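Q: Take a look at the following structure, please.
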Amino acid sequence: MNDSPEVQTITVAGETLSIPTVLPVLPVRDAVVLPGLNVPLAVGRDRSLAALDAAGDGGLLLVASQLDPATEDPASSELATVGCVCRILRMVDARQQTRQALVVGLVRARIGAVQTRDDANPDAALEVEIEALPEAPDTSDEAKAARDSVIQLAHRLIDLRDDAPSQWKNVVSDMPTPGLLADMIASNIPVPNDDRLALLCEPDATARLWKVSSFLEREVTIAEKHRSLREDEADTEMDPRRRERLLRRRMRDIQDELGEHDSGEREADELADRLDPLELSEEARTHVDRELKRFRALPTHAPDRHLVRTYLEWIADLPWNTTTEDHLDLHEAREILDEDHHDLDKVKERILEFLAVRKLAPDAKAPILCFVGPPGVGKTSLGRSIARAMGRNFARASLGGVRDEAEIRGHRRTYVGAMPGRVLQNIRRAGSRNPVFLLDEIDKLGADFRGDPSSALLEVLDPEQNGTFSDHYLEMPFDLSKVLFIATANTLSTIPHALLDRMEVIELPGYTERDKGVIARRYLIPKQLSDHGLGVEHVVIEDAAIDLVVSEYTREAGVRNLDRLFATLVRKIAARIATDPDAAPLTVDAAFASDALGPPPHLPETAERTEIAGVVVGLAATTHGGDILFIEATRNSGGEGVRLRLTGQLGDVMRESAEAALSWVRANASDWLPEGALSAGEIHLHVPAGAVPKDGPSAGVALATAIVSALSGRRARGTMAMTGEISLRGRVLPVGGIKEKVMAAARADVKTVLLPRRNLKDLVEVPEDVLEELEIIPLDTVDEALAAILEPADAPTHAG
């Protein structure tokens, strides 16, 4: 050792230290000494004892970790490149020429060149040059974040460990420097020596803090697991079922350690792990535990084992606990509904009302809505939009043609291939227990010897009962009260009254030509262009072409056929552009549309059909919206008395309306018919489209008018259509379906509609733009209808 070694002056934790640049080295095995910590060392090797003697009591030496603990006399190259300068606090002689030394780490130091050693004394202390590595102050945001993270995790670990007093939190928080904080924590938690040595060799305090943070996260996770196990053990004293699961889990862990695996038992444990978190009623939990115990008892080759497994998997897959959070922003919901559907304000307002109620009363029961309207008006897609607006999952079950009650409530497990009904199948597919559930085509349910599905739906759609819906397969109650059920139908006439009574009916009207034009521009055409690889840069469709397609190629309440027509038109456009790329951008006018779609199938024909006497235009409400009916009457001479003949596949009610109309004409013949018009002969009433069944009382006015027109020879005005039931006294009685009939009249280019005065109140449901195009004449009596619609007797008549 040099007689007068140089000295480094450094500051550590506010204390100024003078450290020689050459120090004796004390190699240690399987240990790492970090600055700031008191560490007891057992010293027994000759060179290590010599290092203690060279330093002296209270002196300084460098403690360095051996790279290979098995080396008995390590050279400097066999030591870590960084050691810790320590002060000897106390030395005590122990037995068998060993000493116990208590040292305190002061500062990191990099090991340099080996100094001169006494070759005559091989047991002399190893002395090396050192370069002290004091901690540099770091006030950056990253350093502060690292320190805060370590302190927070350390406090959490102290809270989790029963053997750690809470006063340690103050010790951690009061550490003067980040480096000392990292070194202190790393010395007091289980850290592998290699990792601890990496901390010693890391000069940057912030980097050390982040490493210590990762160690603390691991220790916190372990401590939380231990606490959870202790809590489980405490709970199992009161819950034998949980105690059994805990013991089985531990047994499985032991088997994994020993390499002994029972595939059957592991399969049961996996099912138990999936079933355990489910929030089931006590009755349901007992049932599940019984089935699981039965599953464990069955041999792996037993034929019933896969049936029980399938049953338990069904239970585990159902969303017993999973719900989605409703989006209760009414403005955002309205924007989504408007984005997806044009008009339908009545439906949108009802959905917004439901959201408002949910916002004010979260536990309120969900309504059962039923959308009724003609095909193609958007009933099914509206259900999907409602789910998107509410932020819920969407489920759909098509009920058209379903005749088996088990399709709704499932098959009992005694049957081969048994499974739950469509309700639970779609709930599982939705992944939450509060989806928007669409029951599509509920009016087309059937019934036969296998049961009545509509009766099975009574429990599903009853808010008072569906909280404990029981599927035959599941045999345990499932809560459907959080589900928003929406049914769709084309007509209410085929829905059983008990089922209809459980639903809130919302009628969706057909679209006017103006609505169809808007829908075509905003939704249908952009969709078809996108589907066919075209954009606005390829084609420009003029308004005249759209209006032509809407007015002359469709006569429907919805827009489904209109969408198909635009698909045909866009295919023609795509073929033109693909053949001649220079044609883009292609302008589509009315002539192009007419050439692409062919002759229009729907042209105004009311005027032509009523050019002869005995033909009038009636109005009918159908499952497809509304339509006009041509009612024809003629008189055939011969025979005895006046006879009535009816054709056109008329129902009983419509036949009775025709008889009532003829009776009224007979009673009032002197007012409207020339003398002798009701002489012996046959009056033949026919309603064309004979393949289509027709029924209902609302054609009474039209039937009476057709008879008078045929017998008097006076034509009915071709731009007028009528509806209304009549009494024998000639009163015009109110009928249903006014909205659909008026809109059908507008689509058929009718200018004037005659309807019962007591139906005027129903016109509030008709769009204003439709009413602006029509003249409405209210009727109280048949006489008023005849006076309005029949042309004067001297008007020219065409022979039929």
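Q: At a Förster distance of 35 Å, what's the computed FRET efficiency of residue 772 paired with residue 675, Cβ-Cβ distance as r, to 0.05?
A: 0.20
Q: Suppose a student asked you for the relative contact order of the range 314-468, using Cα pairs under 8 Å spaced at least 6 residues apart; what percent would you report?
A: 29 percent
Q: Here's something else I'd like to know. With an 8 Å Cα cut-off and a minimum separation of 6 or more residues, compute the relative contact order for the chain in percent.
A: It comes to 7 percent, rounded to a whole number.
Q: Helix by helix, which DSSP H runs in the chain go 20 Å or more along their axis at the Cα atoms and have an average Kyte-Doolittle hydropathy of -1.0 or more?
A: 141-160, 205-236, 345-360, 560-579, 652-667
Q: FRET efficiency for residue 358 and residue 148, Cβ-Cβ distance as r, R0 = 35 Å, nearest 0.05?
A: Numbers: r = 41 Å, r/R0 = 1.16.
In this case the efficiency is close to 0.30.
Q: Of the labelled options (1) 293; (2) 231; (3) 150, which one gives volume of the Cα convex hull per residue in Å³ as computed for this structure?
A: Matching the structure shown: (1).
Q: Counting Lys +1, Arg +1, Asp -1, Glu -1, what net charge surrounds residue 57 among other residues with beta carbon under 14 Å of its beta carbon? Don't jump to the answer; show the numbers that get you there.
A: On the way: positive: 87, 90, 99; negative: 53, 93.
In short, +1.
Q: Same structure, new question: Stretched out fully, how many nm does the piece from residue 591 to residue 342 gain, at 0.36 nm a residue minus the Cα gap?
A: Length gained between residue 591 and residue 342: 86.8 nm.
Q: I'd like the distance between the alpha-carbon centres of the range 164-233 and the range 37-59, rounded to an integer number of Å.
A: Using only Cα atoms, the two centres lie 28 Å from each other.
Q: Still on this model: Whole angstrom only: what separates the Cα centroid of the range 68-139 from the Cα centroid of the range 673-718?
A: Using only Cα atoms, the two centres lie 122 Å from each other.
Q: Within the range 416-436, what residues put their amide N at less than 19 Å from the label point 7 Å along the Cα-to-Cβ vector of residue 310?
A: Only 416-429 fall inside the zone, counting backbone N under 19 Å.
Q: Could you check the spin-label model distance between residue 113 and residue 161? Points 7 Å from the Cα along Cα→Cβ, value in nm.
A: 4.5 nm
Q: Compute the length gained on full extension between residue 572 and residue 174: take 0.36 nm times their separation in residues and subtract their Cα-Cα distance, giving the result in nm to one decimal.
A: 135.3 nm
Q: Any chance you could list P(r) for the range 315-406, counting all Cα-Cα pairs in 10 angstrom bins from zero, rounded to whole %?
A: 13, 42, 31, 13, 1
Q: Another one. All other residues with a Cβ under 10 Å from the Cβ of residue 551 taken together, and with Lys, Arg as +1 and Asp, Glu as -1, what is their net charge?
A: So the environment of residue 551 carries a net charge of -1.
Q: Okay, next question. Full-extension gain between residue 659 and residue 643, please, as 0.36 nm times their residue separation minus the C-alpha to C-alpha distance.
A: The residue 659-residue 643 span can extend by a further 4.8 nm.
Q: A further question follows. With a cut-off of 20 Å, note down the residues of the range 411-434 whose backbone N falls inside the zone around a label point 7 Å from the Cα of residue 468 toward its beta carbon.
A: 424
Q: Between beta-carbons, use under 11 Å as the cut-off and find the net charge around residue 483, counting Lys and Arg +1, Asp and Glu -1.
A: +3
Q: Determine the alpha carbon to alpha carbon distance for each of 444/739; 348/572; 444/761; 572/739; 348/516; 694/739 and list only those over 27 Å.
A: Violating the 27 Å limit, Cα to Cα: 348/572; 444/761; 572/739.
Q: Remind me, relative contact order of the range 46-171 in percent, using alpha carbon pairs under 8 angstrom and six or more residues apart?
A: Values: 163 pairs, mean separation 24.4, N = 126.
Once divided by the residue count of the range 46-171, the mean separation gives 19 percent.
Q: Moving on to the next point. Can you figure out the FRET efficiency of residue 788 with residue 323, using R₀ = 51 Å and their beta-carbon distance, to the nearest 0.05?
A: Plugging the Cβ-Cβ distance into 1/(1 + (r/R0)^6) gives 0.25.
Every number here is computed from the coordinates shown, using simple stated rules; none is lab data. Note that the structure is predicted; figures quoted are calculated from it, not measured. A quick note on method: Cβ atoms are made from the backbone with ideal geometry, for glycine too, and the neighbour counts reach across all protein chains shown.
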